[in-house]
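**Student:** Dropping the structure in here first, questions after.
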Amino acid sequence: MTLTNRGATSLRTRRRNEDPMQAYDALPAPVRSWLSQAALPWSPASCRKILRQARLRGEGLEDVLARLDRAQRNTLARDRYAQCRIAATIRYSNQQDTTT
């Protein structure tokens, strides 16, 4: 188990060789909004990779956000310490569905 400022996680950590703030600023506003409310500490580079893959398939921003949600659910499912984060993500998604 790794205990860092990200909380307890069984997932391995990675280092990036770019300025994370510059990469964050380069993302579209809806993706930045999703990133700021994500249950996990996603890197802008990871979001950019998913964004690029979706754009190559001709998908719009709604599809990108859905892909990010799926990727987050899959990652949380692999993390054995994430049960409370999964519940929080589901509660947040349900709140968003009722407000729109």
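The values are calculated or read from the model by the stated rules, or taken from the named source; none is laboratory data. As the structure is a computational prediction, the values presented were derived from the model and not from experiment. Reconstructed Cβ throughout: ideal geometry from the backbone, glycine too, with neighbour counts over all protein chains shown.
Residues are listed down the side, and each one gets a yes or a no for (1) modelled with pLDDT under 90; (2) surrounded by 14 or more Cβ atoms within 10 Å (Cβ to Cβ):
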site	(1), (2)
Thr4	yes, no
Ser10	yes, no
Pro41	yes, no
Gln53	no, no
Leu65	no, yes
Asp69	no, yes
Thr75	yes, yes
Arg78	yes, no
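**Student:** Moving on. Between a first residue in the stretch 43-65 that is assigned to a helix (DSSP H, G or I) and a second residue that is of a type in the set (Gly, Ala, Ser), which pairs have beta carbons less than 7 Å apart while being 6 or more apart in sequence or on different chains?
**Tutor:** Sorted first by the residue in the stretch 43-65, then by its partner, the pairs are Pro44/Ala23; Ala45/Ala23; Arg48/Ala23; Ile50/Ala71; Asp63/Ala54; Val64/Ala54.
**Student:** For residues that are out of contact with any Phe, Trp or Tyr (no Cβ under 8 Å at 6 or more places or on another chain) and outside any loop (DSSP other than H, G, I, E, B), scanning just the stretch 29-39, find the one that is surrounded by the most Cβ atoms within 10 Å (Cβ to Cβ).
**Tutor:** Of everything passing the filter in the stretch 29-39, Val31 is surrounded by the most Cβ atoms within 10 Å (Cβ to Cβ).
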